[in-house]
Structures are given as structure tokens and as C-alpha cells.
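Notes follow once the structure below has been shown.
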Amino acid sequence: MIILGIETSCDETSVALVRNGRDVLANDVASQVQVHARFGGVVPELASRAHLRLLVPMIDECLSAAGLALEELDAVAVTQGPGLIGALLVGVETAKALAYASRKPLVPVHHIAAHLYAPFLRGEGAPYRHIVLDSSGRPSRLPQASSHCGVGQAPSESALDYPFVGLVVSGGHTSLVHVHNPRHFELLGETVDDAAGEAFDKVAKLLNLGYPGGPRIDALAERGDPQRFALPRPMLNSGDFDFSFSGLKTAVAKLVREQGPESLREDSQLVADLCASFQEAVIEVLLRKAAGALERTGVSRLAIVGGVACNRGLRAAAARYLPPSVTVVFPPPVLCTDNAAMIAGLAWHWRDMAPACPAHVEAQATIPLPSLPFSADSMLEKESARVYKFTGGRSRLRSSGRRGHTR
Ligand code: KG4
Ligand code: ZN
């Protein structure tokens, strides 16, 4: 069964083809980073316009690169939410038209649930094409069927199995989730203010490192001293699984003021040490809280997903903060940041959730993580007309700053 996935929840337009929920046949991502860079954050209107311009040609290109016709697909899947509503609408309405015209089921997928599925994807030899748009929103490199630009590929097998604890760390979300199976998610805790990626981006802005800040802080931290500045570890001992990063950002702002703009401009070691100290504070809080969640749930597997999971310091620190009995899995970087392969992959497990008519799928800026009824694979084979209901525990997965506003 081949599912075409569409992802447009924020500033990446992505189209992918995944077979049987596992094998990635294609994963094309167009990144709008340069479009938003001069504004220091995602501008929702610009994101929607770029999705609108790119999506249909990317669907065409993805299918033709894989040598597949629309008729050969078994279903279409799309990110329903959470995300920027205008951006989501472009994906959802396009997917509805595509599914309706080709008489395929349309599976609505939860973006965060899909991030938590990324570690299960396999992609040996599959094309992962990355298109970077220039600041005017035009592709600086058009996707060519012949030039597959590898930016990291999924491994041939995953070490992960259910149940596991998922640490979701992206520009819009920071949460700890007990993932019982691909349809049952239990939210353990989440950020009460900024998301981890948002904190990286804001601190990078304070240090004049440009947008997005995560990768730049990551690179500078490698040659910095994480012990030089003693920064707070917010909510480390709060006794729950919630996070808070806005106070940490304020502490960095105070240090920046104390050091003065001249030192920041002229002393590159100072900037590297600030980056390393900030990054270490974030990493320690994330991993110690994840360790607590593993202990509380009695689970021994941890998956770290979302854009911040690309961070090299975080990847290297896992062994330092987690007991050796814990299996830690990070998806390859290309599947950590937003992509449609995770949407098409999870849709295979949710395919009975396609409504009778694709027109019934609606984009939603906020949706709680679901606990979907029944998961036996034999039942999943049946075509059903149910629209999914959310019955999950804490039902307040926030759509925070980055997805709602520019910063
Ligand atoms: O998952 P993602 O692509 O989009 C959302 O769903 O939000 O995450 C983007 C976030 C940005 O805040 C970016 O700065 C951060 O992920 N990020 C990183 C790194 N690469 C991306 N943060 C820290 N280190 C990185 N290497
Ligand atoms: Zn995301």
C-alpha cells in the first residue's frame, strides 16, 4: 500500500511517498528558511503563499520521480494540525481536491503524532530531496528527478519499538509523551512558555547569529565552554514533566547586556562559550526530565524527535544523562525537521480514520494528541467511514509562539 503524504503546517513544504508505513520511496522538502530569515521568525502569510506556489508542482515532481501515477496510490495523507492555520489550509485543501478527484481515501494526520513516528521509517537508497528557497521564495535549486540531494537518510532498520517515551523538541513544541502504540498517545508534560527550538532561535537573535538559531548555536557550542556561565536549569526539580525556557532566555539576555555589544562583536570565544552554556542548560533539563518520565512510566525506550533533535550536543549528551539500560533513538536529521514521510508513514496506521468523503477533513490550528479507538491490524484493513475522535488524557497540546506569530 503506497500513501502520498503532504505536510505544510509551518515553513516547510513537503511531499513524500511511503510504502506500508515503513519504506520511504521519496521525501521532498522545500525549506522557506531564507524567506523568513530577515524577519527573524516565520511570517504566516509568506509561508502560506510559498506553500501555494510550491505544493502542486512538488506533488507532480514527486510522483514522476518515483515513476508512479496518481491512480497507483492507495491513499492521500495530510497534516491536519496543529500548525499555522493558513499554511495548514493550503495542504489540506490541496489534499482534499487530489483525493476527491482521484477517488482515494484522505487520511488526516496529527503533526506531533507524526514526529513521534519518524524513528520507524526506513529509507535505504530512497531519494530525500531538499530544495532551499531564496529570500524571494523562488527555488534556488529545482528538484530534478536525476539529482537526488542526500541530506541524511533513514536507516534500513529501526531500534525502536512500542511502548516508548517520546521527547518532542521543535520550534513550536516541547513535550514528553508516553507512546503506547501508533494510535495511543499520553501527554506527560509540555512547555508552559517557549518551546526549546524557540529558545534556541531567540537566544541566537540576542547573539546576532541570524535565523534559525538552532543550527548556528549548535555549531558554535562545539568549540565553546559549557561551564563558563552558570545558567539556570528551569523547572528541573518541579516534580512534573513540564518545561519552561523563557527564564533561561532572559538570563542569557542579562549576560549579553553585562558583556556589552562590543565584546560580542569582537570576542568570538565569548559567543561560543555563551552558546555552549545555554545549550548545556537546555540539554540537561530535557534529558533529566526525560529520564524522570522513563522512570515514572517504567519504559526503557526513548525517542527524541523534532527539529532540535538534530542538535549534535543533545545527541552526544544522551549517554551522559540517561542510564545505560535506556535505548535512545534519534531519527536522521532529515526526518527530525518537518517532512511528509512521517505523515505518510503514520497514515498507514490511521488509514481507517479516512472519512467517507475527503471534503469532511478540516485543517485545525490546535488539536490534542489522540488516543484513537482500537488498533488491531486486522480491523485496520477494513475501510471505515469514521472521523477520528480525540479521547486522550491531558488535552492541551499547545500551539505556541512560533506557529502563531512571528517573533
Ligand atoms: O521540527 P521543526 O523543523 O519545525 C517545527 O515543527 O517547529 O523544528 C524547527 C526548530 C527551529 O527552532 C530550529 O532552530 C531548531 O528546530 N533546530 C535546531 C537544530 N536544527 C534545527 N535546534 C538546535 N540544534 C539544531 N541543530
Ligand atoms: Zn514539526
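Summary of packing: across the peptides 281-290, 208-217, 343-352, the per-residue average of other C-beta atoms within 10 Å ranks them, highest first, as 343-352, 281-290, 208-217.
Please arrange Thr327, Thr174 by how many other C-beta atoms lie within 10 Å of their C-beta, fewest to most. Kindly include the intermediate steps, with their values, before the conclusion.
Working: Thr327 15, Thr174 32.
By the 10 Å Cβ count, ascending: Thr327, Thr174.
Taking Ser263, Ser300, Ser175 in turn, the Gaussian network model of the chain (Cα-Cα springs below 10 Å) assigns the largest fluctuation to Ser263.
Arranged from fewest to most other beta-carbon atoms within 10 Å of their beta carbon, Met342, Met353 become Met353, Met342.
How do Thr8, Thr366, Thr191 rank when sorted from fewest to most other Cβ atoms within 10 Å of their own Cβ?
Working: Thr8 33, Thr366 16, Thr191 24.
The most exposed by this proxy come first: Thr366, Thr191, Thr8.
Hydrodynamic analysis of the chain uses the Kirkwood radius over alpha carbon pairs. Inserted into Stokes-Einstein at 10 °C and 1.306 mPa s, it gives a translational diffusion coefficient of 75 µm²/s. Given +1 at the Cβ of Lys and Arg, -1 at the Cβ of Asp and Glu and no other charges, the dipole of the chain around its Cα centre is 500 debye to the nearest 20. Given +1 at the Cβ of Lys and Arg, -1 at the Cβ of Asp and Glu and no other charges, the dipole of region 185-320 around its Cα centre is 220 debye to the nearest 20.
Please name which of Leu133, Val78, Gly292 has its Cα lying farthest along the dipole of the chain towards the positive end, using unit charges on Cβ (Lys, Arg +1; Asp, Glu -1) and the Cα centre as origin. Checked the options; the winner is Gly292.
Counting only helical runs of four or more DSSP H residues, what would the 222 nm mean residue ellipticity of the chain come to if each run contributes -39,500 (n - 2.57) and the total is spread over all its residues?
Working: 14 runs with 152 residues, N = 407.
My calculation for the chain gives -11500 deg cm²/dmol from helical runs alone.
Can you tell me, using C-alpha contacts under 8 Å and at least 6 residues apart, the relative contact order of the chain as a whole percent? Mind dumping the intermediate values first?
Working: 990 pairs, mean separation 100.1, N = 407.
Over the chain, the number comes to 25 percent.
Note on Lys249: aspartates and glutamates with a C-alpha under 12 Å away, same-chain residues under 8 apart excluded, are Asp193, Asp194, Glu198, Asp201.
Our coupling estimate for region 269-275, obtained by passing each phi through the Karplus curve with A = 6.51, B = -1.76, C = 1.60 and θ = phi - 60°, is 5, 4, 5, 4, 5, 5, 4 Hz, Gly and Pro reported as x.
Read-outs throughout are calculated quantities, based only on the coordinates presented, and are distinct from any laboratory measurement. Computed from a prediction, not measured in an experiment: that's the story for all the values here. Cβ sites come from the backbone with ideal geometry, for glycine too, and all protein chains shown count toward neighbours.
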